[in-house]
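**Student:** Structure in structure tokens, see below.
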Amino acid sequence: MHLPDAATLDRLADRGWVALEREPLQGWTLRASSGVTNRANSVLASGPVDDVETAVDVAERWYAARSLPAVFQVTSASPPALPEVLRQRGYRDHSLTDVLVADRSTVAAESQVKESPAVRITDQLDDGWLDTWWSVDGRGGAVERTVAARILTGGPALYAAHGDPAAPDAVARLALVDEWGGLFAVATRPAARRRGLARALVQALTAASGEHGIRGLWLQVLAGNAPAHALYASLGFRPASRYAYWSL
């Protein structure tokens, strides 16, 4: 499989997790969604701008007008000068994240090694799926949960769940973007961990994605999450890029 460049991966992920409000800033994208999730409320600083200092000024004013903090997603495709500009303004980086990719056929082949528990897959988000994900990764109350549901349904996707449909043990989402599938929102309830459910969800989504013309897969995982890295490496994923968020 041809390894996509960092800018391509940035745009795929941006389309797979769609902010409710978006505005271009030359090669960057300003994104806001009432503060729900970093990705949907940060500057995707991927690509060129005429002047980095001026672009940061514009971004700071844009977020201030929405009563949101300015957060910058700095990626391997960001202008080289950007980190130092942000550092001089008092920003600090956090949440260093690796972007991993795999050929769908490779993951599918690895998935045949071990039989997986039954996983249900639909193309519609339901309350049971959302309840499980929100209980593991959600931050906020009913308003924020509603915003999250809008983000999750912002583009075509497959939703996988294991267990009671009303309260699944584990869930995951595969965004469908052209010939690429992006894994997001892989979450397992604490009581159901260490049972191989995350692997089963990825396997099931990989199998189902073939019917949607998916040829490549990508995902993001925190750099320090060793168990997740081990899981994805065993399925055939390999590093392709990385990014961090910068905030005050």
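The values are calculated or read from the model by the stated rules, or taken from the named source; none is laboratory data. The model shown is predicted, which means the values in this text are computed figures rather than measured ones. So basically every Cβ, Gly included, is an ideal-geometry build from the backbone, and we count neighbours across all protein chains shown. SASA here: full protein model, heavy atoms, side chains in, ligands and nucleic acids out. Shrake-Rupley method; radii C 1.70, N 1.55, O 1.52, S 1.80 Å.
**Student:** Any idea which of 16, 70, 191 is furthest toward the positive side of the dipole for the chain, if Lys and Arg beta-carbons carry +1 and Asp and Glu beta-carbons -1?
**Tutor:** 191
**Student:** Right, here's the next one. Within the chain, what's the longest stretch lacking GluC sites (Glu not before Pro) that sit in DSSP loops with no more than 15 other Cβ atoms inside 10 Å?
**Tutor:** The longest uninterrupted stretch comes out as 1-114.
**Student:** Viscosity 1.002 mPa s, temperature 20 °C: what is the translational diffusion coefficient of the chain from Stokes-Einstein with a Kirkwood Rh over Cα pairs, rounded to a whole number of µm²/s?
**Tutor:** It comes out at roughly 115 µm²/s.
**Student:** What does the accessible area per residue of the chain come to in Å², with a 1.4 Å probe and no ligands, DNA or RNA counted?
**Tutor:** 46
**Student:** Taking 22 Å as R0, compute the FRET efficiency from the Cβ-Cβ separation of residue 61 and residue 143 and round it to 0.05.
**Tutor:** Working: r = 25 Å, r/R0 = 1.14.
Between residue 61 and residue 143 the formula returns 0.30.
**Student:** With a 1.4 Å probe and all protein chains in place, put 67, 209, 234 in order of accessible area, largest first.
**Tutor:** These residues rank, largest area first, as 67, 234, 209.
**Student:** I need the calculated FRET efficiency for the pair residue 23 and residue 51, taking r as the beta carbon distance and R₀ as 22 Å, to the nearest 0.05.
**Tutor:** 0.80
**Student:** Over the range 101-248, what is the relative contact order in percent, taking alpha-carbon pairs closer than 8 angstrom and at least six residues apart?
**Tutor:** Relative contact order, the range 101-248: 31 percent.
**Student:** A further question follows. How would you classify the range 50-167 from its alpha-carbon gyration tensor, with a ≥ b ≥ c the square roots of the eigenvalues: rounded for a/c under 1.5, else prolate if a/b is greater than b/c, otherwise oblate?
**Tutor:** The shape class here is oblate.
**Student:** Can I ask one more? Please list 153, 37 from largest to smallest accessible area, probe radius 1.4 Å, with all protein chains kept in place.
**Tutor:** Result, largest first: 153, 37.
**Student:** Next up: So what is the calculated 222 nm ellipticity per residue for the chain, using -39500 (n - 2.57) for each DSSP H run with n of 4 or more, over all residues, to the nearest 500 deg cm²/dmol?
**Tutor:** Computed ellipticity for the chain at 222 nm equals -10000 deg cm²/dmol.
**Student:** Could I ask something else about it? Could you calculate the FRET efficiency of residue 89 with residue 211 from 1/(1 + (r/R0)^6), where r is the beta carbon distance between them and R0 is 41 Å, rounded to 0.05?
**Tutor:** 0.30
**Student:** At a 1.4 Å probe radius, carbon and sulfur cover how many percent of the accessible area of the chain?
**Tutor:** 51
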